[in-house]
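The values are calculated or read from the model by the stated rules, or taken from the named source; none is laboratory data. Keep in mind that this is a model prediction, so the values were computed, not measured. Here Cβ is always computed from backbone atoms with ideal geometry, including for glycine, and neighbour counts include all displayed protein chains.
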Amino acid sequence: MLDVQKIRKDFPILNRTVNGKPLIYFDNAATSQTPQQVIDVIVDYYSNYNANIHRGVHSLSQEATDAYEQARIKIQKHFNAKQSYEIIYTSGTTHSINLVANGFSSLLKKGDEIIVSALEHHSNIVPWQMLCERTGAILKVIPMNENGELIMLEYDALLNENTKLVFVNHISNALGTINPIEYIIEKAHSVGAAVLVDGAQSCPHIKPDVQALDVDFYVCSAHKMCGPTGVGMLYGKEEWLNKLPPYQGGGEMIAEVSFEKTTYAGLPHKFEAGTPNICGGIAFGAALDYMNNIGFENIAKYENELLDYGTEQLLKIEGLKIYGTAKEKTSVISFNVGTIHPYDIGTILDKMGIAVRTGHHCAQPIMDFYKIPGTIRASFMFYNTKEEIDAFIVALKKAIMMLS
Ligand SMILES: *Cc1c(COP(=O)(O)O)cnc(C)c1O
């Protein structure tokens with residue numbers, strides 16, 4: 001079992017106060033907090049072996065290269081990729097998605113079809129719209145129901161021999177819905193389409209096995225899973241990564257350069273132009289170690305308890321409506337209270353030291369579906385507690401009284 005009081009000691013930020021009150025951090029779906037074990041790795045890097053990688057013969061450069069490549073192998077093992085060079089370091093989910101979308105520019109033609117879901121984050125909509133503009137491909141959308149679940153019958157009906165790509169998030173950041181990606185992948189493959197899964201919200205809570213899923217591309221950001229900002233990864237099947245052209249030109253991604261012709265480096269370097277976030281990559285590996293030490297089964301079990309408890313307590317409040325009531329969901333609760341604007345509640349909660357997210361959560365199409373401008377979103381991680389939820393409920397009731 002998970003010892004939450006022991007875990008909380010690993011996170012120095014949880015000791016601080018905000019506006020004179022102890023911090024209650026419920027904005028984990030936007031970014032997670034960083035344990036001392038990961039902070040130590042960052043400090044150690046800049047204190048002891050900061051150097052550019054893959055270039056120098058000197059010792060520091062060797063040490064930095066080794067640590068960076070060892071972290072890549074940790075990521076490979078974590079996601080169960082067949083090869084370490086199927087893991088491409090990126091600056092995060094958004095970068096990973098753009099890398100793939102850009103690569104498909106040369107593989108699509110007019111009349112080809114791309115399917116996205118109604119539950120997507122903006123970063124998983126806009127790159128595909130841009131890709132469609134460039135290529136003349138057509139964008140289709142899997143609709144959702146009132147509970148915030150994708151309608152699989154409608155998905156089946158969208159698939160045909162023109163479908164080339166399907167893009168869906170594993171877990172919705174706005175509602176917490178866990179999407180049936182196994183089914184989505186299998187069906188897409190039956191018409192010969194590739195699938196990219198946005199794992200930005202799933203990776204903090206579950207451990208995906210990319211080979212078992214048979215997924216073509218899987219992407220995530222380190223900062224949502226106890227790592228630093230500015231680093232993430234793209235997993236791609238070797239055959240797909242070989243088909244895609246490089247994304248950016250620069251150092252590190254070439255084999256040979258002359259003014260007549262440049263030949264590209266092999267995987268993964270073909271997609272890693274320029275000096276990367278070296279320290280970030282190493283710290284990403286440390287974040288995976290940290291979470292694996294706690295254990296993803298323990299994490300899921302505990303976060304489900306927080307979700308059930310939070311949902312139960314919130315629903316006792318009169319006029320409160322939760323958006324996203326899918327059977328399969330993670331510890332994200334999106335809600336509104338009567339006609340009170342989410343922003344007003346968020347502002348008062350902040351005065352009481354409580355960090356929640358208010359707004360459209362980069363998922364305006366979902367808000368349009370429910371015909372609301374936004375929601376208040378409380379999202380829990382394994383370092384949150386039931387006591388924090390109790391304090392949050394008391395503060396929320398106070399805010400409601402002040403505003404009605
Ligand atoms: C946060 C998030 C993104 C964007 O991640 P970045 O780290 O900002 O690139 C994309 N998709 C989902 C589902 C997210 O939650």
Please note which helices (runs of 4 or more DSSP H) are completely contained in the range 282-378 and include at least 2 residues that are crowded, with 21+ Cβ neighbours inside 10 Å and in contact (Cβ under 8 Å) with a residue 60 or more places away in the chain.
-> 296-315
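Is it the case, given these coordinates, that Leu175 is outside any strand (DSSP E or B), at pLDDT below 95 and not small (Gly, Ala, Ser)? Steps first, please.
Details: outside any strand (DSSP E or B): yes; at pLDDT below 95: yes; not small (Gly, Ala, Ser): yes.
Yes.
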Scan the range 52-80 residue by residue and report those that are of a type in the set (D, E, K, R) and assigned to a helix (DSSP H, G or I).
-> Glu63, Asp66, Glu69, Arg72, Lys74, Lys77
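Can you name every residue in the range 222-245 that is under 26 Å from His189 (Cβ atoms) and touching a strand residue (DSSP E or B) at 6+ places or on another chain (Cβ under 8 Å)? Lay out the reasoning, then the answer.
Initially, the range 222-245 is screened for residues under 26 Å from His189 (Cβ atoms), giving 232-245.
Gly232, Met233, Leu234, Tyr235, Gly236, Lys237, Trp240, Leu241, Leu244, listed by residue number.
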Index of the failed condition, Glu146 passing every other in (1) assigned to a helix (DSSP H, G or I); (2) away from the ligand (no atom under 15 Å from the Cβ) | (1)
Subset of the range 89-116 [touching a Gly at 6+ places or on another chain (Cβ under 7 Å) and either surrounded by 24 or more Cβ atoms within 10 Å (Cβ to Cβ) or not assigned by TED's automatic domain parsing to the domain that holds Ile181 (or both)] = Tyr89, Thr90, Thr93, Ser96
Looking only at the range 149-179, and only at residues there that are without any contact (Cβ under 8 Å) to a residue 40 or more places away in the chain and more than 16 Å from the ligand (Cβ to nearest atom), the one that is nearest to Asp368 (Cα to Cα) = Ile151
Quick one: would you say Val141 is under 15 Å from Pro365 (Cα atoms) and more than 14 Å from the ligand (Cβ to nearest atom)?
-> yes
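Any residue at all in the range 198-211 that is in a helix (DSSP H, G or I), away from the ligand (no atom under 11 Å from the Cβ) and charged (D, E, K, R)? Write out each step before concluding.
Filtering the range 198-211 for residues in a helix (DSSP H, G or I) gives 210-211.
Pick out the ones that are also away from the ligand (no atom under 11 Å from the Cβ) and you get 210-211.
Pick out the ones that are also charged (D, E, K, R) and you get none.
No, the range 198-211 contains no residue that is in a helix (DSSP H, G or I), away from the ligand (no atom under 11 Å from the Cβ) and charged (D, E, K, R).
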If only one of Leu153, Leu139, Leu119, Leu165 is assigned to a helix (DSSP H, G or I), assigned by TED's automatic domain parsing to the domain that holds Asp214 and either of a type in the set (A, V, I, L, M) or over 21 Å from the mean Cα position of the chain (by Cα) (or both), which one is it?
-> Leu153
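Does Ile75 fit the bill of being crowded, with 18+ Cβ neighbours inside 10 Å and either under 18 Å from Leu244 (Cα atoms) or more than 16 Å from the ligand (Cβ to nearest atom) (or both)? Even if it seems obvious, please write down each step before you answer.
Details: crowded, with 18+ Cβ neighbours inside 10 Å: yes; either under 18 Å from Leu244 (Cα atoms) or more than 16 Å from the ligand (Cβ to nearest atom) (or both): no.
Here the answer is no, as Ile75 does not meet what is asked.
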So which of Ile125, Ile97 ends up being within 16 Å of the ligand (Cβ to nearest atom) and in contact with an Asp or Glu (Cβ under 8 Å, 6 or more places away or on another chain)?
-> Ile97
Positions within the range 35-51 being in a loop (DSSP other than H, G, I, E, B) and either within 30 Å of Gln5 (Cβ to Cβ) or outside the structural domain of Phe217 (by TED's automatic domain parsing) (or both), in sequence order = Pro35
